[in-house]
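See structure below.
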Amino acid sequence: MLYTRKGDGGTSGLFGTKERLSKDSLVFEALGTVDELNSLLGICRARFAKKDKRISNEILKAQESLFIVQAELAGVTETLEQSHIDSLEQTIEDFESEITNPHSFVVPGVTEHSALFDFARAVSRRAERTVIAALSDRAVSPETLAYLNRLSSLLYVLARYVAVRKNIRELSPSYKDNLKSV
């Protein structure tokens with residue numbers, strides 16, 4: 001059965017405790033946002049499954065790591081390790097070596113794929129903020145916080161990388177009141 005009826009009153013439980021917490025608890029907000037990010041990364045991965053195995057594999061690694069983050073938030077003792085961060089940093093550096101890093105903000109949307117990665121980057125930053133906010137209720141490892149911080153960098157570099165691969169120049173914001181179409 002996919003439902004238990006236990007949450008009908010607005011509470012839910014976490015791993016290893018019989019205590020019921022309000023569903024608007026910060027820990028559930030963090031869990032939900034990490035889940036949202038993981039689902040969005042699933043869309044990104046599906047878009048690259050046949051086009052670019054390298055990107056698809058890196059996204060899958062990030063998704064697997066996010067399940068560990070969620071488990072840790074829920075009370076499991078397993079956490080991310082420094083090797084997760086090291087691997088992520090190496091991946092960022094590898095992709096970054098193939099692009100020219102813009103020296104300003106970039107207007108998202110030059111390609112559908114870069115826009116998806118920019119969207120995932122924004123959700124990733126929100127996930128990091130909600131996990132930090134939940135720290136008053138739950139403890140997470142320093143490695144988890146570092147990983148979440150680096151993940152948005154990976155998604156940023158992937159957005160730039162896919163635009164460069166399509167040989168499309170990204171736009172920087174003009175910071176002017178432009179009411180005319182581009």
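Cβ contacts < 8 Å: first residue farther than 17 Å from Arg165 by Cβ, restricted to the stretch 86-107; second residue of a type in the set (A, V, I, L, M), any location; separation 6+ or different chain. Result?
Leu88/Ala62; Leu88/Leu151; Leu88/Leu154; Val107/Leu171
If you go through the stretch 68-85 one residue at a time, how many are under 24 Å from Glu29 (Cβ atoms) and loosely packed, with under 14 Cβ neighbours inside 10 Å?
Adding up the residues that qualify gives 3.
Looking only at the stretch 1-22, how many residues end up being of a type in the set (A, V, I, L, M, F, W, C), surrounded by fewer than 10 Cβ atoms within 10 Å (Cβ to Cβ) and under 20 Å from Gln70 (Cβ atoms)?
Here the count works out to 1.
Inspect all residues belonging to the stretch 43-54 and state whether any of them is touching a residue at least 40 places away in the same chain (Cβ under 8 Å), buried (at least 17 other Cβ atoms within 10 Å of the Cβ) and of a type in the set (Lys, Arg).
yes
Count, please, the residues in the stretch 163-182 that happen to be small (Gly, Ala, Ser) and either touching a Lys or Arg at 6+ places or on another chain (Cβ under 9 Å) or in contact (Cβ under 8 Å) with a residue 60 or more places away in the chain (or both).
Going through the stretch 163-182, the residues small (Gly, Ala, Ser) turn out to be 163, 172, 174, 181.
Now narrow it down to the ones that are either touching a Lys or Arg at 6+ places or on another chain (Cβ under 9 Å) or in contact (Cβ under 8 Å) with a residue 60 or more places away in the chain (or both): 163, 172.
Total satisfying the criteria: 2.
Which ones in the stretch 132-162 are free of Cβ contacts under 8 Å to residues at least 40 places away in the same chain, in contact with a helix residue (DSSP H, G or I) (Cβ under 9 Å, 6 or more places away or on another chain) and either among the hydrophobic types (A, V, I, L, M, F, W, C) or surrounded by fewer than 22 Cβ atoms within 10 Å (Cβ to Cβ) (or both)?
Ile132, Leu135, Ala139, Leu145, Asn149, Ser152, Leu155
Answer yes or no as to whether Ala62 is touching a helix residue (DSSP H, G or I) at 6+ places or on another chain (Cβ under 7 Å) and free of Cβ contacts under 8 Å to residues at least 60 places away in the same chain.
Criteria not met by Ala62.
Scanning the stretch 33-77 for residues that are touching a Phe, Trp or Tyr at 6+ places or on another chain (Cβ under 7 Å) and outside any helix (DSSP H, G or I), which turns out nearest to Leu14 (Cα to Cα)?
Filtering first and then ranking leaves Gly75.
No lab work stands behind these numbers, since they all come straight from the coordinates. Here the structure is a predicted model, which is why all the values come from computation and not from measurement. In this analysis, Cβ positions are derived from the backbone assuming ideal geometry, glycine residues included, and neighbour counts consider all displayed protein chains.
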